[in-house]
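The values are calculated or read from the model by the stated rules, or taken from the named source; none is laboratory data. In this text, all values refer to a predicted model and were calculated from it rather than measured experimentally. Every residue, glycine as well, gets a Cβ built from its backbone with ideal geometry; the counts of neighbours run over all protein chains shown. Please note that ligands, DNA and RNA were not included when accessible areas were found on the heavy atoms of the full protein model with its side chains. Shrake-Rupley method; radii C 1.70, N 1.55, O 1.52, S 1.80 Å.
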Amino acid sequence: MTFKSLFAAGAACLLLAAPVTADDRPPASEVTAVSVIPTPGHAEIVIALSGAVEVRDFVLREPDRLVIDIVGARLKSGTSYDGIQRGGIKDVRYSQFRPDVVRVAIYLDGSRDYRLEKGDDAIRIRFGADQSFLAWSSTAPADLEPPVARPAPAQRAPEVTPPAETVTTAAALPPAPRITVTWDRANIGDVIAGFAAFSGRTIVLGKGITGEVTAEIKNQPWTEAFAAVLATQGLQAIELPGGIIRVDSPAALAALDSTEPVTTRMVPVNYASAGQLLPSVKSILTKRGQVVSDTTTNSLIITETRSRIGDVQDFIRNLDIRTPQVSIQAKLIFVNRTNVEALGLQYDFGALNQGDGPFFNQLVNRVDPTTGDPFDSDVTDLSGEGVAAIANADAIISQAALKLVWTTTVGGFRFSSFLQALQSVDLADVQAEPSITTLDNREAIIKVGEDVPVRIIDFGSQGGAGAAQPKATVQFKETGIQLRVTPHVTNNRQVLMQVEAERSALRLLAEADLGFTIQKQNAKNQLLVADGETAVIGGLTVTSITKTRSGIPLLVDLPIVGKLFGFSNTQEQRQDLIILVTPRIVDDGAQQ
């Protein structure tokens, strides 16, 4: 494992713990301590154990966190995390999740690779890090004061100052021991040797490394002090196989990486597409690493150094996880209602018989008593001194539901009138319920409709001899119901969706190829909905009222009696659009 600098990463989100009742029998195993300690180039979360347990780990997003479930253990009381961010670890929380499960949640500042190792007495979670920090442990007394530093001669070996009331046992793994030491122009080789003697680790200094160290350290973890000393000298440390720590210049350590043997492994991908994972995997490879995808077996073929290939495999496993499926049912309701009310009085006044003088009557045709044929209503006899008149006989209500005819004779003239009335209601109720099932974070589209052929006339096309000849073409226009959705299942079993729903219909303007219009009702929205809950993502109501009045000038404006001399028409149109959506999580979405 390579250590580019000392740091620790970790953070935990503690999920709500279930209460432990007095009747529950406590497990035999115990979690005795939780610690965050820096190691060269890494940060470790150390969970100290006593007894046999089962470990389950999984990663959650938004925010990024690693959750460790320790099955078959009970929690020993300890201090809460101090809230200090340590190399990417934002928070660490732990509790008795169930009577036989201890849950440790680590909140991180972003997505990180990790390696989990389970031993007989501890669980170690290791993250990569590039900075040092102060260690923390749940067993450290909260009121512990650092001891007063004592002067030390030059090149003096580090002296251990153990914290008061701190007991080290095999079951409880404490953080890195603290040291108090002073150097005055000490040789770097002697300083490294002092750290090796103090920590019990094998530390090898690179060839030709020289320098002097002048510093005073008071009650600090030795890993923190070690990282600080190396930083002042422009040095770095890596851990070689077997646990040996090598200290050298960055250039020398980079050259060491170039001589490490490489190996090739095939990693099968279960849930994702191997081709889609290529960019993410390439981003973590070294300069000597390569990765290609095999579409036949849906696998990734990785070539990497021996010390890095295990980390790359773990990274792929974290990406290749089972994701839940989401079934989404939408409902589009479109209601178009048209209400028409019309009322009018139609009349004229003309000679009783055509031979009696001027004759003009359109409402009721006269019949020639000699032949039995109707007279031509447009014929007017200009002889004599008779009078004929017509008012609004041409006015008419289209498709009138009520027609009342009244006629009377006044002297030698006939007066005819028609009373017409209409009230109609047109209702169109269109309901569409598209349903589709898709994977988490995958866009899905469903369309229900038709391609309508539309004849288009192009009057700009040129025919023979330069004459403009219209050219007819046919275009297909897509209309109907369309649902486009991208769901995301959150950590608390809710569904975050980007939804776009549309209903469209084509309407021709005229039969003379004047064109067409496409009527559309759509909604585009992003919303958060609980599993199985129905939400309204869009609603639109359009109301238009048209009133028409026609009649004889002046007379139609008279109060009360004005309605006897004209026609009135009122048309009200109301359009309502409602779009509903209901998501349901098909499976439990458990991490595999």
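In table form, for the structure just shown:
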| item | result |
| --- | --- |
| Local electrostatic count at GLU478 - Lys and Arg +1, Asp and Glu -1, tallied over other residues with Cβ under 13 Å | +1 |
| Nearest-0.05 FRET efficiency for LEU554 and GLN423, computed from C-beta distance (R0 30 Å) | 0.60 |
| Nearest-0.05 FRET efficiency for THR286 and THR541, computed from C-beta distance (R0 45 Å) | 0.15 |
| For MET266, solvent-accessible area (1.4 Å; no DNA, RNA or ligand), Å² | 110 Å² |
| The stretch 540-589 shape via C-alpha gyration tensor axes, a/c threshold 1.5 | prolate |
| THR437 long-range amide H proximity, modeled H, under 5 Å | ILE328 |
| Sites GLN519 and ILE321 - FRET efficiency at Förster radius 45 Å, r taken between beta-carbons, to 0.05 | 0.50 |
| Note, ³J(HN,Hα) from phi for the stretch 28-39, Karplus 6.51, -1.76, 1.60, rounded to Hz, x at Gly and Pro | 6, 7, 8, 8, 9, 6, 10, 10, 10, 10, x, 10 |
| Reciprocal of mean inverse Cα separation for the stretch 223-269 (Kirkwood radius, Å) | 12.8 Å |
| Peptide ranges 440-448, 579-587 listed from the most packed, as the mean C-beta count within 10 angstrom indicates | 579-587, 440-448 |
| Centroid-to-centroid separation of the stretch 335-350 and the stretch 39-109 [C-alpha atoms, Å] | 80 Å |
| 5 angstrom amide H check on GLN220, placed H, neighbours 5+ away | ILE179 |
| Taking the stretch 493-587 and dividing mean pair separation by its residue count, relative contact order in percent (alpha carbons under 8 Å, at least six apart) | 30 percent |
| Shape metrics for the stretch 43-91, restricted to C-alpha atoms - Rg then Dmax, Å | 12.8, 34 |
| In Hz, Karplus ³J(HN,Hα) per residue of the stretch 284-300 (6.51, -1.76, 1.60; θ = phi - 60°; x = Gly, Pro) | 10, 7, 6, 5, 8, x, 9, 8, 9, 10, 10, 6, 5, 9, 6, 10, 10 |
| Whole-Hz ³J(HN,Hα) from phi, Karplus 6.51 cos²θ - 1.76 cosθ + 1.60, for the stretch 554-571, glycine and proline x | 6, 5, 5, 8, 5, x, 6, 8, x, 5, 6, 10, x, 10, 10, 9, 10, 10 |
